[in-house]
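Structure, as structure tokens:
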Amino acid sequence: MMASDLRRPRRRDEVRIRRAGSETTAYDPSSSAIHLLNPSALAIWELCDGETTPYEIAEAVSEVTGRPIDEVEAEVEQAVTALEELGLITL
Amino acid sequence: MGAMADATSVLIVSSDEGVSAALAAFLIGNDGTEVVGQASTAREAATPSLGADVALILPGMGSNGELVTELASRTAVVVLGDPDDADAMVEAVEAGALAFLGHDAPFGEIVEAVHAVSEGRAIVPPQLLGSLLRRVVRRRRSEREAAEQLSVLTDREREIFELTARGLGRIEAAEMLFISPHTVRTHMQRILAKLNLHSRSELVAFAARCGYEVGVNGKDVDDGI
């Protein structure tokens, strides 16, 4: 992932988020699948607004957590890939 | 008080002496932490001699963004505040705090946060992560866009832009740059035209959005630019 990465992942509007205490589930009515999202995955999913690139997300995570951007980029990339494979976002 | 090897030193910042004393007593009695000072005002807290690994800012003082930023420049900061005030939490983190805990957090949780931030780890309440990241993305994007706009300025114009944003008047800026106030005025007019701004105050607001340090107007400021 680099700053020149122009992908702008977009969350699928039909996915429904339910919060119950500290747990968050994402329900995909097209597949009837329910996915459990941890806080980081939920935060990244929410940032997939069709305008924000994965690199911008990684920069923000790096700033908020104080962790090096190199370390964070790989994790954000994994999260974006996983969300796409689960059908929760489109790239 | 004997210094313990590897103990995390803590500066407690609080205007409430009772709460400060109670927390200090707990931290002193806890293996791994020691209290190196208690400050009841922002001025006391900013005293450089109060070197500490962690500054623990208790409720009432964490909303002072300048205090948080000042302390965060030289130590790790934990802020305690209203757990329902999402804006306050986000602002504290954006000001440089590495952790924000509710004011009713158990002492054990406070100690864990102290150790975590002393190791450079941030603690962000999970329910806030999304809104905090969104704000950071928006702010960074705005700064990037503004930086692109500033790229049209010459080096000298950039210098004058920065001095003006900091609140210097024409004469002060001229003295600092060894040029005449008339020349500063000419540059300012060009800067405003290039950035499509119409006044000094618009320039200052624009500079703030760019992430520049802005200040109150100096003594010789007038909006005749």
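The values are calculated or read from the model by the stated rules, or taken from the named source; none is laboratory data. All values derive from a computational prediction rather than experimental measurement. No Cβ is skipped: glycine too gets one built from the backbone with ideal geometry, and neighbour counts run over all protein chains shown.
Okay, residues lined up against (1) within 12 Å of B:Ala207 (Cβ to Cβ); (2) outside any helix (DSSP H, G or I):
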{"position": "B:Glu143", "(1), (2)": "yes, no"}
{"position": "B:Ala147", "(1), (2)": "yes, no"}
{"position": "B:Val152", "(1), (2)": "no, yes"}
{"position": "B:Glu175", "(1), (2)": "no, no"}
{"position": "B:Ile179", "(1), (2)": "no, yes"}
{"position": "B:Thr183", "(1), (2)": "no, no"}
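Among the residues of segment B:112-122, are any within 19 Å of the chain's Cα centre (by Cα), touching a residue at least 40 places away in the same chain (Cβ under 8 Å) and farther than 28 Å from B:Ser20 by Cα?
Step one: of segment B:112-122, the residues within 19 Å of the chain's Cα centre (by Cα) are B:117-118, B:120-122.
Narrowing further to those that are touching a residue at least 40 places away in the same chain (Cβ under 8 Å): B:117-118, B:120.
Retained after the next criterion (residues that are farther than 28 Å from B:Ser20 by Cα): none.
Checking segment B:112-122: not a single residue is within 19 Å of the chain's Cα centre (by Cα), touching a residue at least 40 places away in the same chain (Cβ under 8 Å) and farther than 28 Å from B:Ser20 by Cα.
Identify the residue in segment A:39-74 that is of a type in the set (Ser, Thr, Tyr) and facing chain B (nearest Cβ under 9 Å) and, among all such residues, is farthest from the chain's Cα centre (by Cα).
Step one: list which residues in segment A:39-74 are of a type in the set (Ser, Thr, Tyr), which gives A:40, A:52-53, A:55, A:62, A:65.
Right, trim to facing chain B (nearest Cβ under 9 Å) and you get A:40, A:52, A:65.
Details: A:Ser40: 8, A:Thr52: 11, A:Thr65: 16 Å.
Among residues in segment A:39-74 that are of a type in the set (Ser, Thr, Tyr) and facing chain B (nearest Cβ under 9 Å), the one farthest from the chain's Cα centre (by Cα) is A:Thr65.
May I ask you to list the residues in segment B:8-17 that are among the small types (Gly, Ala, Ser) and modelled with pLDDT under 90?
As a first pass, look at segment B:8-17 and keep what is among the small types (Gly, Ala, Ser): B:9, B:14-15.
Correct list: B:Ser15 only.
Conditions (1) in contact with a helix residue (DSSP H, G or I) (Cβ under 8 Å, 6 or more places away or on another chain); (2) surrounded by fewer than 17 Cβ atoms within 10 Å (Cβ to Cβ); (3) within 9 Å of chain A (Cβ to nearest Cβ); (4) of a type outside the set (A, V, I, L, M), marked per residue:
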| position | (1), (2), (3), (4) |
| --- | --- |
| B:Leu98 | yes, no, yes, no |
| B:Gly102 | no, yes, no, yes |
| B:Ser131 | yes, yes, yes, yes |
| B:Arg134 | yes, no, yes, yes |
| B:Ser142 | yes, yes, no, yes |
| B:Ala146 | yes, no, no, no |
| B:Ser151 | no, yes, no, yes |
| B:Asp155 | no, yes, no, yes |
| B:Leu163 | yes, no, no, no |
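Which residues, counting only those in segment B:165-205, are under 18 Å from B:Glu148 (Cβ atoms) and either in contact with a helix residue (DSSP H, G or I) (Cβ under 6 Å, 6 or more places away or on another chain) or touching a residue at least 40 places away in the same chain (Cβ under 8 Å) (or both)?
The answer is B:Ala165, B:Ile191, B:Lys194, B:Leu195, B:Leu197, B:Leu203.
Mind counting the residues in segment B:24-72 that are in contact with a Leu (Cβ under 6 Å, 6 or more places away or on another chain), crowded, with 18+ Cβ neighbours inside 10 Å and small (Gly, Ala, Ser)?
Summing the residues that are in contact with a Leu (Cβ under 6 Å, 6 or more places away or on another chain), crowded, with 18+ Cβ neighbours inside 10 Å and small (Gly, Ala, Ser) in segment B:24-72 gives 3.
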